[in-house]
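Data first, discussion second: the structure below is written as structure tokens.
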Amino acid sequence: LLDQFNKCGFTPRVVVCYHGGEPLLDTNLENRIARLKRMGVEKTVIVTNASQLTIERSKKLLAAGLDELQASFDGCTPDENDEQRLNGNFAKDAANLRGFLKLRKKHLNKPNVVVSNIRLLDEATFKATAKKDSDITQFADVPKYLLDYFNGFLNDIHFQSFQAMAWPAASHNSAYYDIVTLPMNEYKSCVIPFETITIRYD
């Protein structure tokens, strides 16, 4: 695919590895990122649960020139994170990210690090945050457990906390199954076809 891009003189501005999967399961990921940077791609991004973000992989990602690492930790507590995320282990995964942040200080504080948090709305939260004629998509605050755990690195992380109405694959017995539905405003237009394309392995 990259050879085809080169032949037609096209260099993507941003490449996110990958869509809907765990990028660190790809043992060749760092080589792909390094090649993208040599090609002239301005920004390379991975979105990870940090479960495989070992010190060895962290060193390789930093050496490859990764521009942004987004780590996903969800819910308002470590227990919520572990229930919402299949086989989640906040203590282990967050420790991996903290190790990455320590190494990052030796690389002029690059890449950019984002911690993304999704919180499911219960009825009380829905009523407190929903505004008439608008959709609330992001919380102003960050869950305390994340601020406490990453204390000492708060200047090194950009936090984003979003709300969701449902959690995919939640079992009927889960506390996160029966969630209030937020009314959707009428679509005006979808910009995705003009801004991005997803290329899957097949």
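The values are calculated or read from the model by the stated rules, or taken from the named source; none is laboratory data. Since this is a predicted model, take the numbers as computed values, not measurements. So basically every Cβ, Gly included, is an ideal-geometry build from the backbone, and we count neighbours across all protein chains shown. To get the accessible areas, we keep the full protein, side chains included, count just its heavy atoms, and leave off ligands, DNA and RNA. Shrake-Rupley method; radii C 1.70, N 1.55, O 1.52, S 1.80 Å.
For S116, are the conditions met, namely being over 15 Å from the mean Cα position of the chain (by Cα), of a type in the set (S, T, Y) and not in a loop (DSSP other than H, G, I, E, B)?
no
Filter the stretch 147-158 down to the residues that are open to solvent by 40 Å² or more (accessible area, probe 1.4 Å) and of a type in the set (F, W, Y) and list them by number. Walk me through how you get there before you give the answer.
Step one: filter the stretch 147-158 for residues open to solvent by 40 Å² or more (accessible area, probe 1.4 Å), giving 147-149, 151-152, 154-155, 158.
Y149 - this is the single residue of the stretch 147-158 that is open to solvent by 40 Å² or more (accessible area, probe 1.4 Å) and of a type in the set (F, W, Y).
Any idea which residue in the stretch 58-103 is farthest from P143 (Cα to Cα), counting only those that are touching a strand residue (DSSP E or B) at 6+ places or on another chain (Cβ under 7 Å) and among the charged types (D, E, K, R)?
D67
What pairs come up if the first residue lies in the stretch 90-108 and is farther than 25 Å from G75 by Cα, the second is open to solvent by 50 Å² or more (accessible area, probe 1.4 Å), and their beta carbons are under 6 Å apart, counting only those six or more places apart or on different chains?
Short answer, once both residue conditions are applied: none.
Report the residue count in the stretch 42-63 for those that are hydrophobic (A, V, I, L, M, F, W, C), touching a Lys or Arg at 6+ places or on another chain (Cβ under 7 Å) and farther than 18 Å from I157 by Cα. Reasoning before the result, please.
At the first step, the residues of the stretch 42-63 found to be hydrophobic (A, V, I, L, M, F, W, C) are 45-47, 50, 53, 55, 61-63.
With the extra rule that they be touching a Lys or Arg at 6+ places or on another chain (Cβ under 7 Å), the set shrinks to 62.
Subsequent filtering for residues that are farther than 18 Å from I157 by Cα retains none.
Of the residues in that region, 0 qualify.
Listed residues E30, E56; which is of a type in the set (D, E, K, R) and free of Cβ contacts under 8 Å to residues at least 24 places away in the same chain? Even if it seems obvious, please write down each step before you answer.
On the way: E30 fails: free of Cβ contacts under 8 Å to residues at least 24 places away in the same chain.
Of E30, E56, the one residue that is of a type in the set (D, E, K, R) and free of Cβ contacts under 8 Å to residues at least 24 places away in the same chain is E56.
Okay, residues lined up against (1) at pLDDT 60 or above; (2) under 30 Å from V15 (Cα atoms); (3) surrounded by 10 or more Cβ atoms within 10 Å (Cβ to Cβ); (4) touching a strand residue (DSSP E or B) at 6+ places or on another chain (Cβ under 6 Å):
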{"position": "T125", "(1), (2), (3), (4)": "yes, no, yes, no"}
{"position": "Y145", "(1), (2), (3), (4)": "yes, no, yes, no"}
{"position": "Q160", "(1), (2), (3), (4)": "yes, yes, yes, yes"}
{"position": "Q163", "(1), (2), (3), (4)": "yes, yes, yes, yes"}
{"position": "A175", "(1), (2), (3), (4)": "no, no, yes, no"}
{"position": "S189", "(1), (2), (3), (4)": "yes, yes, no, no"}
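I need every pair where a residue in the stretch 11-24 that is within 14 Å of E195 (Cα to Cα) has its Cβ under 6 Å from the Cβ of a residue that is of a type in the set (A, V, I, L, M) and surrounded by fewer than 13 Cβ atoms within 10 Å (Cβ to Cβ), sequence separation at least 6 or different chains.
none
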